[in-house]
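Q: Handing you this structure, nothing more for now.
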Amino acid sequence: MSAAQSGSSSKHRSLFKAATLEALLKSDGAKVNSVASQLLAEYLRIFTAEAVTRAGSAANEEGKSVIELRHLKSIVAELLLDF
C-alpha cells in the first residue's frame, strides 16, 4: 500500500478540509456535525487517491506518463462500484 493510500503522508491529509466541507453542506441547509465532516473529508481523500492511482495505471498500460481525461473515464465505473 502506498503512502497516498495508507494516509501516512501529512501532505495528503490537507487536500480536503473538514471545515470547508461542513460549510458547503450547511450552506445547502444540511445539518452536519464535526465528526461527520471529518469522515467525509477522509472518504473523499481516499476516493481521490484511488482514482488517481487507477487512472495512472491505465495511462501506464498505454505507455503514457500523463493522466488524461480518457484514463479517468476508463476507470470511473469500476471505481464507483468499489466505493
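Q: For SER65 and LEU15, what does the FRET efficiency come to when R0 = 22 Å and r is the distance between their Cβ atoms, rounded to the nearest 0.05?
A: Details: r = 22 Å, r/R0 = 1.01.
Efficiency, rounded to the nearest 0.05: 0.50.
Q: So, counting K/R as plus one and D/E as minus one, what does the shell of residues with Cβ under 13 Å around ALA36 add up to?
A: Values: positive: LYS26, LYS31; negative: GLU22, GLU42.
That sum, taken over residues with Cβ under 13 Å, equals 0.
Q: Would you kindly derive the ³J(HN,Hα) couplings of segment 68-83 from the backbone phi angles with the Karplus curve 6.51 cos²θ - 1.76 cosθ + 1.60 (θ = phi - 60°), listing them in order in whole Hz, with x for Gly and Pro?
A: With the stated coefficients, segment 68-83 comes to 10, 4, 5, 5, 5, 4, 6, 10, 5, 4, 5, 4, 5, 5, 6, 9 Hz.
Q: Another question, then. What are the ³J(HN,Hα) couplings of segment 36-53, residue after residue, when phi is run through the Karplus curve with 6.51, -1.76, 1.60 and θ = phi - 60°? Round to Hz, x for glycine and proline.
A: 4, 5, 5, 5, 5, 4, 5, 4, 5, 5, 5, 4, 5, 4, 5, 4, 5, 4
Q: Give me the percent relative contact order of segment 3-82, please, defined on Cα pairs under 8 angstrom at least 6 residues apart.
A: The normalised contact order for segment 3-82 reaches 24 percent.
Q: Which shape class applies to segment 3-82: rounded if a/c is under 1.5, otherwise prolate when a/b exceeds b/c and oblate if not, where a ≥ b ≥ c are the square roots of the Cα gyration tensor eigenvalues?
A: prolate
Here, each number is a calculation from the coordinates, and none is a lab measurement. None of the values given here were measured: they were computed from a predicted structure. Note that we place each Cβ from the backbone using ideal geometry, even for glycine, and neighbour counts take in every protein chain shown.
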